[in-house]
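To start, the structure itself, in structure tokens.
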Protein chains: 4
Amino acid sequence: MADIGIGIVGGGYMGKAHAVAMAAVASVFDTPLRPRLEMIATASEASAERYRQAYGFRRATADWRSLVADPRVDAIVIATPQKLHREIAEAAFVRGLPVLCEKPMGASIEDAEAMVAASEGHVNMVGYNYVRTPATQFARALLARGEIGDVTWFRAEHTEDFYADPEAPASWRTDGMANGCIGDLAPHIVNAALALVGPIERVMAEVETVHDTRPGGRVTNDDHCQMMCRFASGAMGHIYASRVATGRKMGYAYEISGTKGAIRFDQEDQNALWLYRMAGPAATRGFTKILTGPDHPDYRQFCQGPGHGTGYQDQIIIEAKDFLKAIHSGEPVWPTFRDGLEVLRVTEAALRSADSGHWQSISSDQKVGSP
Amino acid sequence: MADIGIGIVGGGYMGKAHAVAMAAVASVFDTPLRPRLEMIATASEASAERYRQAYGFRRATADWRSLVADPRVDAIVIATPQKLHREIAEAAFVRGLPVLCEKPMGASIEDAEAMVAASEGHVNMVGYNYVRTPATQFARALLARGEIGDVTWFRAEHTEDFYADPEAPASWRTDGMANGCIGDLAPHIVNAALALVGPIERVMAEVETVHDTRPGGRVTNDDHCQMMCRFASGAMGHIYASRVATGRKMGYAYEISGTKGAIRFDQEDQNALWLYRMAGPAATRGFTKILTGPDHPDYRQFCQGPGHGTGYQDQIIIEAKDFLKAIHSGEPVWPTFRDGLEVLRVTEAALRSADSGHWQSISSDQKVGSP
Amino acid sequence: MADIGIGIVGGGYMGKAHAVAMAAVASVFDTPLRPRLEMIATASEASAERYRQAYGFRRATADWRSLVADPRVDAIVIATPQKLHREIAEAAFVRGLPVLCEKPMGASIEDAEAMVAASEGHVNMVGYNYVRTPATQFARALLARGEIGDVTWFRAEHTEDFYADPEAPASWRTDGMANGCIGDLAPHIVNAALALVGPIERVMAEVETVHDTRPGGRVTNDDHCQMMCRFASGAMGHIYASRVATGRKMGYAYEISGTKGAIRFDQEDQNALWLYRMAGPAATRGFTKILTGPDHPDYRQFCQGPGHGTGYQDQIIIEAKDFLKAIHSGEPVWPTFRDGLEVLRVTEAALRSADSGHWQSISSDQKVGSP
Amino acid sequence: MADIGIGIVGGGYMGKAHAVAMAAVASVFDTPLRPRLEMIATASEASAERYRQAYGFRRATADWRSLVADPRVDAIVIATPQKLHREIAEAAFVRGLPVLCEKPMGASIEDAEAMVAASEGHVNMVGYNYVRTPATQFARALLARGEIGDVTWFRAEHTEDFYADPEAPASWRTDGMANGCIGDLAPHIVNAALALVGPIERVMAEVETVHDTRPGGRVTNDDHCQMMCRFASGAMGHIYASRVATGRKMGYAYEISGTKGAIRFDQEDQNALWLYRMAGPAATRGFTKILTGPDHPDYRQFCQGPGHGTGYQDQIIIEAKDFLKAIHSGEPVWPTFRDGLEVLRVTEAALRSADSGHWQSISSDQKVGSP
């Protein structure tokens, strides 16, 4: 197994998650490449060195450009604030490096479009980790093979409550659309919608700031948003995202009705998928609570026992595995930058709709790949 | 305790539910009046006589006018198809009889408006039974006393799956808007929205027939509908109703986020209410599953033990109790015909919105009473 | 439909439940007989008259003997404290009256044996209502037709928490073994064990008073008890009953493992039965949450819609229906007094076991009837 | 941060789990030592080399003695079949190496006693991973600080169904008591009992082989076992373990009643802990579903978001962190070999009880440490 030098830009929440994933992935999966934690770049020498030690990188830098230029860095993970995504990705592609960029891709749709253009011919991937749980991968497989028939209704949400308290103070999170709910949370669940049901044709949305001011300042982005949506398949849908959904901690959840069955999922119990099939005697029909296990995608490598469960960090490990596989094969890996752009086209249409009060079409060459 | 002669028009599903309720209510509750099952009217002599025997009425008739005119009938319950509601109610009010009319009130908004006009000065009530479960009554009380603070988000659905199978044959249920989803199911959950969060100011809706034809004929009403809604309080909301929600049997469900807490409820587990309160240490916060019991409204009379549970029929018994109380006191009882009209104004606006593709205001003097 | 005059002895909790059931049952079910609430007997003239009015009986008495002797009383329900069961039942059988006696039958096994002897040739039934929910009836049917194969393990409990608080004062409930947990709660779940899995051959038990004294006095009966049990079928089992199970309100619950599947039930969500079947691909196996509906026993008469739910009172109505049917047909109705005696033989063996610290056999001609 | 050379003996299920944990732990936690995957030993050169590559060890061997003797191995993890535990541990302690040994410790109580003796003065730990979930650690903390008062009842189970199918073939798992249910599964949940409620004084048990023969041969160990138990605190309890619990995948579950509250947990939903507190108005009491998050033990390092969840592998990482901490500090780490021996004293007493049909005391100097 060949080594591959990994450079990670960003040392916070997601930087750590990717560092741990890169440290563990080759022991968990039979990867063709074994990551070497080569270099980490953050905003200052001090923090970079601190993260280097904490995560086990060989070297640290306060200059992401030197990380991108380093000959021992063979692939990079971008885990910085969104406004830096584009510049770093473009530089990396110039050098021909494979890039795994955290979601949402860039700080604007222009950024995302530029990043797609720059990524042509290079391995690229966006970090929508939640679609990689064994349960959601299995849901995709069930849908793909028609287990619930044609989808007639899709409802989904990404709900958390870290800003439910009106007294929670203003911070970087309450500043700028990219950090708001439509910018930061909604993309996750829009990506799920695309992954599960396919392209969205049009949306009708509301985007709202519930608490305009908070201790410490004004709030310049939204607290929650909803959109009615129509899929290319004809299915009707609704998506809601919120950071003020009191009591919800990781409400990445969906309910899908089909002509032969239905699927329900809630990330707060991420190791269970609920499946209803309109078959057999009515007296024994009901939603079956399927616990994930070695018969589901990407589970067996974590544990041979069903119901033993995977967690948040494991999603990032699965992501790392797929990124390494893409690097080795040179094949694109879903979701690519192009797929990530499609997500932003939906949220951008939602913003337009909220402004205009009208339905908005998604102007895109939307295509969602396969896992 | 004085006797009161009850006449019920309609012998089917709801006719039976009201008959049983009237037979039981005075033994369950300490009602000021004791119902006497005086007369039942249905479409034919044969069926009327059959229902008379089955439910224990004294007399039967195939002519609802003779029931309304009968001197021993002191109050009536209308449980017929919707198109007859208006005529019967008007005749009853002419005689000054108290009327409990099944939802939705009449076959059109014009019917409902006429019924409201006719009801002036008389005891009148609409049969929205689901808001009378102990759990939902308690939810209303929690909201009213500010237990979850100001409502920021309301999501609700009334989902069943009796037409989820595309091969389910056409019937009276697939014919005419009054029997469709927006006509028949949506009013229940719109009524819940009004009861829980207050008046709705505007809606943006989709109303859709998923399966245009079924074995036996064309479908002339909708299978499911959704609406984004804005409450007078400022709260944002979403309501969905469906008869094709595969796997859902009685999905009368709501989730309400507030600035201090949240409430969740699903009629499929009608004896539980989930309450979250943003208080105390974070480590012990979570949704509390409250089992209904004698400390909740209208429960103790059914059973002194908490968690022992009430069921569908008990809701109708509670409704009968409130109707009898209104008759005895002469006080109006929520939801009145006027409240029922407000529900229809919302669904009518939803239809307008679905047609036009635009937000529609509710043109009303909407006022929701207290339980 | 012929009338039948019902006399109820006892006006409290269960007296009311039976009164309501008798008022409603003929409207709910297609019973061959229509109950007439003829007479109620309680401890004093004043209370008897109060209950007469509240429940709608024609007459009241403070002397149960005159109720039993009354020519217009055609069948009786015994809902008194346990110590009176035997005397009343014997008197009723002398007159040849059908008797529905509340559980557990009598205050001792001697009482129960005498009641069985007296009941020979007469219609008799014991009021174990919980086995009559549609869900548990369906569980019995699933087991009977081998849906989960041979039972290998049975675990059940009847847990409530009305004495969980050590400061809850002493009362009649804390006095005398018949009112303790092994006397009052355990019989319900032992009856379920017999109904679901069949006769029990031997038990090994613990019976314990957790709080020996309470405000107001000493406690002379047990707070909780457990027994390991071995069924005649060879299945291993465990039963627990408690009135100090903090947080449990109606924890009448069972889990049954078989060679082909499994069943789980909890009365706190009485309208759901969980069924697992070891069939089909492993990836889609799981417990199916079946909501009760018109395809399950004795549900359709309450409501044609699945998932709409029945409640506590409905169980008593089902019981009344079966009692009336037995009266009309002259056929015995499960559980008969003989079945009720079998329950007590198990709890009596449990007491012997707890005293001796050894396994105890059930000395019986134990036979459990069919639903 | 100093490096530490890790040697793992055993390359299967648990060998892999420990290898991954050692690869990841220093990036997840702020450990004082950074593991270096130095050497792996398995039964053959071929498998050892295969595992070496798969997990990323530097060297491999088919001779565990050379691993133990290797100067670059500073600590070892024993993940072999149980019969080898003792010999390896003794050899490691002779060299003074810290040892983390998989549960249950040794193949017999004699093995365990010898291992305890050999461990004196050395860092030692037994791999009971499930007590290290954030939820169960939090449950321990709640109990320790008296949140639910005095424990009155403890019920627990470790139930899986990998042998529920009578046609599942015989294998090494069906051979020898150490691989049976009382030998392999019961120790996990007995350890939980000791950790949560403290020492057990006596047990009364049944240990049973449900299917004596299977395709391929006779079964020489048990399929399930139950024990009534009495804790030193006076609390009554029941423990069940099964590999034939159809439908249960990871049923490591407990329910604890106390005088002030109650706790419920099921590993199949390992990120939720249910807490009931007998406080506040009765109308709002109920079990609160607490989702684990950064306010619970050992969670924050995996993810800053509550409800995002940890999984099976994360428990092993937490274990590795505690082992490294013990090595660095020289302090013992719960559960030590001595704690592991206490577990086996309980299961050994259960076997004696099942043989004799009598209660059996735990003859021990049972002491359970703190987390």
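The values are calculated or read from the model by the stated rules, or taken from the named source; none is laboratory data. All figures in this text were calculated on a predicted structure; none of them were measured in a lab. In this analysis, Cβ positions are derived from the backbone assuming ideal geometry, glycine residues included, and neighbour counts consider all displayed protein chains.
Is it the case that some residue within the stretch C:268-276 is surrounded by fewer than 24 Cβ atoms within 10 Å (Cβ to Cβ), free of Cβ contacts under 8 Å to residues at least 60 places away in the same chain, within 10 Å of chain B (Cβ to nearest Cβ) and not basic (Lys, Arg)?
Yes, some residue in the stretch C:268-276 is surrounded by fewer than 24 Cβ atoms within 10 Å (Cβ to Cβ), free of Cβ contacts under 8 Å to residues at least 60 places away in the same chain, within 10 Å of chain B (Cβ to nearest Cβ) and not basic (Lys, Arg).
How many residues are within 14 Å of chain A (Cβ to nearest Cβ) and on the phi > 0 side of the Ramachandran plot when one looks only at the stretch D:324-355?
Residues that pass the stated criteria total 0.
Are any residues in the stretch A:275-316 among the polar types (S, T, N, Q) and touching a Phe, Trp or Tyr at 6+ places or on another chain (Cβ under 8 Å), and if so, which ones?
A:THR288, A:THR292, A:GLN301, A:GLN304, A:THR310, A:GLN313, A:GLN315
Just to be sure, is C:PRO71 assigned to a loop (DSSP other than H, G, I, E, B), of a type outside the set (A, V, I, L, M, F, W, C) and either without any contact (Cβ under 8 Å) to a residue 60 or more places away in the chain or within 14 Å of chain B (Cβ to nearest Cβ) (or both)?
Considered against the rule, which asks whether it is assigned to a loop (DSSP other than H, G, I, E, B), of a type outside the set (A, V, I, L, M, F, W, C) and either without any contact (Cβ under 8 Å) to a residue 60 or more places away in the chain or within 14 Å of chain B (Cβ to nearest Cβ) (or both), C:PRO71 comes out as yes.
Looking at the stretch C:238-255 only, could you name the residues that are crowded, with 23+ Cβ neighbours inside 10 Å and either modelled with pLDDT under 95 or small (Gly, Ala, Ser) (or both)?
Scanning the stretch C:238-255 gives C:ALA241, C:SER242, C:ALA245, C:GLY247, C:GLY251.
Residues checked against (1) touching a residue at least 40 places away in the same chain (Cβ under 8 Å); (2) more than 19 Å from A:ILE239 (Cα to Cα); (3) within 9 Å of another protein chain (Cβ to nearest Cβ):
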position	(1), (2), (3)
B:VAL219	yes, yes, no
B:ASP223	yes, yes, yes
B:MET227	yes, no, yes
B:MET236	yes, no, yes
B:TYR240	yes, no, yes
B:ALA253	yes, no, no
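Of the conditions (1) crowded, with 23+ Cβ neighbours inside 10 Å; (2) away from chain A (no Cβ under 14 Å); (3) not basic (Lys, Arg), D:ALA164 clears all except one; give me its number.
(2)
Taking the stretch D:49-68 as the search range and keeping residues that are within 14 Å of chain A (Cβ to nearest Cβ) and of a type in the set (Lys, Arg), which one is surrounded by the most Cβ atoms within 10 Å (Cβ to Cβ)?
Ranking the candidates gives D:ARG52 first.
So is D:LEU194 in the same structural domain as D:ALA350 (by TED's automatic domain parsing), of a type in the set (A, V, I, L, M, F, W, C) and over 19 Å from the mean Cα position of the chain (by Cα) or not?
no
Quick one: which of C:LYS321, C:LYS289 is touching a residue at least 12 places away in the same chain (Cβ under 8 Å), within 14 Å of chain B (Cβ to nearest Cβ) and either under 22 Å from the mean Cα position of the chain (by Cα) or on the phi > 0 side of the Ramachandran plot (or both)?
C:LYS321
Just a yes or no: is a residue in the stretch D:133-151 farther than 30 Å from D:ALA279 by Cβ, surrounded by 18 or more Cβ atoms within 10 Å (Cβ to Cβ) and of a type outside the set (Ser, Thr, Tyr)?
no
Output the number of the condition that A:ASP295 fails; it satisfies all remaining conditions of (1) farther than 22 Å from A:HIS18 by Cα; (2) touching an Asp or Glu at 6+ places or on another chain (Cβ under 8 Å); (3) within 14 Å of chain D (Cβ to nearest Cβ).
(2)
Can you report the number of residues in the stretch A:223-259 which are touching a Phe, Trp or Tyr at 6+ places or on another chain (Cβ under 6 Å) and of a type in the set (Lys, Arg)?
1
Report whether or not A:ILE182 is within 16 Å of B:GLU206 (Cβ to Cβ) and either of a type in the set (Val, Ile, Thr) or within 14 Å of chain D (Cβ to nearest Cβ) (or both).
It is false that A:ILE182 is within 16 Å of B:GLU206 (Cβ to Cβ) and either of a type in the set (Val, Ile, Thr) or within 14 Å of chain D (Cβ to nearest Cβ) (or both).
So, in the stretch B:31-68, how many residues would count as being touching a residue at least 60 places away in the same chain (Cβ under 8 Å) and in a loop (DSSP other than H, G, I, E, B)? Reasoning before the result, please.
Keep residues of the stretch B:31-68 that are touching a residue at least 60 places away in the same chain (Cβ under 8 Å), which gives B:31-33, B:35, B:67-68.
Now narrow it down to the ones that are in a loop (DSSP other than H, G, I, E, B): B:31-32.
Total satisfying the criteria: 2.
Would you please name the residue that is nearest to the chain's Cα centre (by Cα), looking only at residues in the stretch B:92-113 that are in a helix (DSSP H, G or I) and crowded, with 19+ Cβ neighbours inside 10 Å? Show your work before the answer.
Quick first cut of the stretch B:92-113, residues in a helix (DSSP H, G or I) only: B:92-94, B:109-113.
Next cut, crowded, with 19+ Cβ neighbours inside 10 Å only: B:92-93, B:111-112.
Values: B:ALA92: 21, B:PHE93: 21, B:ASP111: 17, B:ALA112: 15 Å.
Filtering first and then ranking leaves B:ALA112.
Limited to the stretch D:224-273, what total is found for residues that are over 21 Å from C:PHE154 (Cβ atoms) and over 17 Å from the mean Cα position of the chain (by Cα)?
Residues flagged as over 21 Å from C:PHE154 (Cβ atoms) and over 17 Å from the mean Cα position of the chain (by Cα) within the stretch D:224-273 amount to 18.
Checking the conditions here, which among D:GLY307, D:GLY311, D:GLY258 is surrounded by 24 or more Cβ atoms within 10 Å (Cβ to Cβ), out of contact with any strand residue (DSSP E or B) (no Cβ under 6 Å at 6 or more places or on another chain) and outside the structural domain of D:ALA23 (by TED's automatic domain parsing)? Give the steps one after another, and end with the answer.
Values: D:GLY307 fails: out of contact with any strand residue (DSSP E or B) (no Cβ under 6 Å at 6 or more places or on another chain); D:GLY258 fails: out of contact with any strand residue (DSSP E or B) (no Cβ under 6 Å at 6 or more places or on another chain).
So the residue among D:GLY307, D:GLY311, D:GLY258 that is surrounded by 24 or more Cβ atoms within 10 Å (Cβ to Cβ), out of contact with any strand residue (DSSP E or B) (no Cβ under 6 Å at 6 or more places or on another chain) and outside the structural domain of D:ALA23 (by TED's automatic domain parsing) is D:GLY311.
Evaluate the stretch A:20-41: report whether one residue or more is within 14 Å of chain D (Cβ to nearest Cβ), under 18 Å from the mean Cα position of the chain (by Cα) and more than 25 Å from A:ALA118 (Cβ to Cβ).
yes
Test of understanding: among B:ALA19, B:ALA24, B:ALA46, B:ALA41, which residue is out of contact with any Gly (no Cβ under 6 Å at 6 or more places or on another chain), at pLDDT 95 or above and surrounded by fewer than 24 Cβ atoms within 10 Å (Cβ to Cβ)? Before you say what the answer is, go through the steps one by one.
Details: B:ALA19 fails: surrounded by fewer than 24 Cβ atoms within 10 Å (Cβ to Cβ); B:ALA24 fails: surrounded by fewer than 24 Cβ atoms within 10 Å (Cβ to Cβ); B:ALA41 fails: surrounded by fewer than 24 Cβ atoms within 10 Å (Cβ to Cβ).
Answer to the check: B:ALA46.
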